[in-house]
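Below: one structure, written as structure tokens.
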Amino acid sequence: MPVRTVIERGPKGKRSVAFSVDWPGWSRGAKIAQLALDTLESYRERYRPIAGLATMAREFDAAGPLEIVEDRVGTGSTDFWGISFSPCAAEQGPMGEAEFERAITLLLACWAFFDGVAARVSPEMRKGPRGGGRDRDRIISHTIRVESEDFATRVGLRIAEGAALPPDGLRQYREAYVAAMRAYNAGEFERPMRSWTLPFLIRHSAFHTLDHAWEMEDKDLTAHDVMGTPQTTRPGG
């Protein structure tokens, strides 16, 4: 089966994004749409460990070429960050049970991959323009706090500032986040999201996690080589 792919262009044409609909987190941005699409393809092998952690490696390996199913205009943030910031046509409405569980399994795999990378890379990161030269711990803190204190509020989950940073707090937060998303999908949340949808929230959480995991890999000072092709544009955050 082809990989359903969406191209999202910034309103002013400054940046574009290409992302997979069915593999949350497999998303890359660039200055032009074709370059974003090419970069997405170049990250196919780099995404494969996530599919493996989700026990979906065989399905992922059987996936065909990228197939553009939508070419859309995103928000101003797409121009600024080179990131998808709004749901596509395939991410509207409630999710079926199987669709939801599959997406959550892949999000859990993204978290596991991030944790694994964070545990093995050097505390000091290779300097560069992205992220203002943050070291490993600042990247970890940023990734967890943005998700737990911003993204998670979309489904009514609110935690104390910094509560998700300790290991026990992170585990408890992630369990609560998944439970909140499951309740939201079941219609138990009284206030629906205005501009976001649940499939987009899961995809955006997965992307943010993976993007910074790959950033740590690219800047790891202990690595003998860099896996995959480094991002050529600043993906934000």
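The values are calculated or read from the model by the stated rules, or taken from the named source; none is laboratory data. Nothing here was measured: the structure is a model prediction, and the numbers come from that model. With ideal geometry, Cβ positions are generated from the backbone for all residues, glycine too; neighbour counts draw on all protein chains shown. Each accessible area value is taken on the protein alone, full model and side chains, heavy atoms only, with ligands, DNA and RNA left out. Shrake-Rupley method; radii C 1.70, N 1.55, O 1.52, S 1.80 Å.
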Checklist outcome for this item: Across (1) loosely packed, with under 14 Cβ neighbours inside 10 Å; (2) at pLDDT below 95; (3) under 21 Å from Ala213 (Cβ atoms), Met1 clears everything bar (3)
Checklist outcome for this item: Filtering the stretch 4-34 down to residues that are farther than 21 Å from Leu53 by Cα, surrounded by fewer than 21 Cβ atoms within 10 Å (Cβ to Cβ) and without any contact (Cβ under 8 Å) to a residue 60 or more places away in the chain yields Ile32, Ala33, Gln34
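Among the candidates Phe80, Phe151, single out the residue that is within 19 Å of Trp26 (Cα to Cα) and either touching a strand residue (DSSP E or B) at 6+ places or on another chain (Cβ under 8 Å) or surrounded by 15 or more Cβ atoms within 10 Å (Cβ to Cβ) (or both). Before the answer, list the steps.
Working: Phe80 fails: within 19 Å of Trp26 (Cα to Cα).
Checking each option against the conditions leaves just Phe151.
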Checklist entry - Among Ser84, Ser122, which is under 25 Å from Arg9 (Cα atoms), assigned to a loop (DSSP other than H, G, I, E, B) and touching a residue at least 60 places away in the same chain (Cβ under 8 Å)? => result Ser84
Checklist outcome for this item: Of those in the stretch 190-237 that are modelled with pLDDT of 60 or more and of a type in the set (Lys, Arg), the residue farthest from Gly96 (Cα to Cα) is Lys219
Next on the checklist: Quick check on my filter: what residues within the stretch 73-96 are within 29 Å of Gly169 (Cβ to Cβ) and more than 17 Å from the chain's Cα centre (by Cα)?
Outcome noted: Met95
Checklist entry - Taking the stated definitions as given, is Asp115 out of contact with any helix residue (DSSP H, G or I) (no Cβ under 8 Å at 6 or more places or on another chain), free of Cβ contacts under 8 Å to residues at least 40 places away in the same chain, of a type outside the set (S, T, N, Q) and surrounded by 14 or more Cβ atoms within 10 Å (Cβ to Cβ)? => result yes
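Can you name every residue in the stretch 164-199 that is over 24 Å from Ile140 (Cβ atoms) and assigned to a helix (DSSP H, G or I)? Give the steps one after another, and end with the answer.
Let us first name the residues in the stretch 164-199 that are over 24 Å from Ile140 (Cβ atoms), namely 182-199.
Hits for the stretch 164-199 are Arg182, Ala183, Tyr184, Asn185, Leu198, Pro199.
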Next on the checklist: For Thr55, only one of the following conditions fails: (1) open to solvent by 50 Å² or more (accessible area, probe 1.4 Å); (2) on the phi < 0 side of the Ramachandran plot. What is its number?
Outcome noted: (2)
